[in-house]
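Report on the following structure.
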Amino acid sequence: MEYEAIIGMEVHVQLKTASKIYCGCSTAFGAEPNTQTCPVCLGLPGALPVLNRKAVELGLKAAVTLVCDEIVERAAFARKNYFYPDLPKGYQITQFGAPLARHGRIEIEVEGQQKEIGIRHLLIEEDAGKLIHSEGESDVSFVDFNRCGVPLLEIVSEPDLRTPAEAHAYLAALKEVIEYAGISDADMEKGQMRCEPNISVRPRGYKEFGTRTELKNLNSFRNVERAIAFEIERHIGILERGEKVEQATMLWDERAQRASPMRVKEEAHDYRYFPEPDLTAVTLGRDLAAQIRAELPELPRAKRARFVSGYGIAPEQAAVCASSPAVADYFEAVAKACGDGNEAAKWIVGVVASAVNEGKWDVNAPSVAAEKLAALIRLVADGAVSGIAARENVFPAMLERPGLEPEEAVDELGLRQMSDEARLEAVVDRVIAANPGEVVRYRRGEEKLLGYFVGQVMEETKGRANPKIVNQLLRRKLASG
Ligand SMILES: [Zn+2]
């Protein structure tokens, strides 16, 4: 029998605010444990939450970015009650029943095929603390409350995904727009983006859904893809044996590359949701959403399309040049300053991207100012320095000394190309005069000897002759003898 997997995705991203969602504590990552807490986020008696306006605005920004058809008019909050050592209040303040927004969508691409994935809802809520289990003999656990109350955006997709590759593409597309719009830094290593896929399998052609399981503890897109593939196979195995899949939350074990059941999934009624009595609902107003919509930056898909049509670059180049807002701004600044989008794109894709990969370039603080790179591109176009020398010598020098002007670098390194035709002609004439035998052979048809003459000129000029002009001069002189 053939089977089909139905995959939905629940994603949490940390909203990019300076302070927590219901108190003024910092959200900065990496501080000493329990140094960013207060009575509110520790849930001490009598402490009252105050909603962070920025968190709501970023939630709305996400609603607009993900093209949600429905944005709630009054955002209300609810208590989700459960006990866990990382949750000092004994409840989480979240949204229930009326999420911030519904019915959004995002386009993904898998193997050249476009597909639209529905977004069921977006809501804002607070994060819990972090348990640190000691390894070794002492059987103790520690808790860090710094993360308690950090604002999260929950993004729940429709069950529109069918394969592990689609799930991966969805997460990548989501991360891209979220980062682009400045909603979250979505850094998975810092726990700023967490993904929990749910999976069910049914015989192909069936309408009814199978029993779903949920996957937790996935810290990279690769693991999401692998865990989903594992889970699909596991479900199929159970169905093939004529058994029933049990609803469960599965924990992915990266080392063993397998998922095992964590606990039986709670139902919504287990949480005893009720309206949060300490926070009044906030009226969002249409103006705020309209204003956010107007201020939304150009999103990656649109930007890539504009780069292709506006600068005449290839889609693969556009993908690199628009890989983040900072890179895109840099590319456009270079392209405008040098007047050649194609050359600018070649530099970004080749030289700049390598510098980024080697950790020599911070995309948010470019080591070589856009105007300086543009000036270097113009020097190459004018024949003042060869393309190879610019890439391999001048650019690295500028990377090391950010103040260095490309003109200065070219001169300091002695790389200024000889493009003065009269001077080069004299050298060419000398080389021709010194090699009468080769000249005769060339004229009898041994055209590959041209390379020999070019080499001689290069040797005479210590490699600084403009090869294009040398070639032209040699062809003309050798032909007209
Ligand atoms: Zn606090």
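All of the numbers you see were taken from the coordinates with simple rules; none came from a lab. Nothing here was measured: the structure is a model prediction, and the numbers come from that model. In this analysis, Cβ positions are derived from the backbone assuming ideal geometry, glycine residues included, and neighbour counts consider all displayed protein chains.
Just a few scattered comments:
- Placing a pseudo-label 7 Å from each Cα along the Cα-to-Cβ vector at LYS244 and ALA31 gives an inter-label distance of 4.9 nm.
- Spatial separation of Cα centroids for the stretch 115-141 and the stretch 408-468, in angstrom: 67 Å
- Summarised in one figure, the compactness ratio Rg/Rh of the stretch 324-481, Cα atoms and Kirkwood Rh, is 1.11.
- Under the Debye formula (equal points on every Cα, no solvent term), log10 I(q)/I(0) of the chain at q = 0.11 Å⁻¹: -0.99
- Packing-based order for 443-449, 346-352, 288-294, using average beta carbon neighbours within 10 Å, highest first: 346-352, 288-294, 443-449
- Loop-located GluC sites (Glu not before Pro) across the stretch 267-333 with a Cβ neighbour count of 16 or fewer within 10 Å are GLU267, GLU298, with loop assigned by DSSP.
- Least to most buried among GLU240, GLU137 (fewest other Cβ within 10 Å first): GLU137, GLU240
- From least to most packed, judged by other beta carbons within 10 angstrom and beginning with the fewest, PHE453, PHE29 follow the order PHE29, PHE453.
- Here the sum of -39500 (n - 2.57) over DSSP H runs of 4 or more residues, divided by the residues of the chain, equals -11000 deg cm²/dmol at 222 nm, to the nearest 500.
- Placing dummy labels 7 Å off each Cα toward the beta-carbon, the span from ARG378 to GLU4 is 5.9 nm.
- Amide H contacts of TYR3 (H built 1.01 Å from N, under 5 Å, at least 5 apart or other chain): ARG204
- Exposure proxy order (Cβ contacts within 10 Å, fewest to most) of SER354, SER157, SER184, SER26: SER354, SER26, SER184, SER157
- Between MET262 and TYR206, the modelled labels are 2.6 nm apart [label points 7 Å from Cα along Cα→Cβ].
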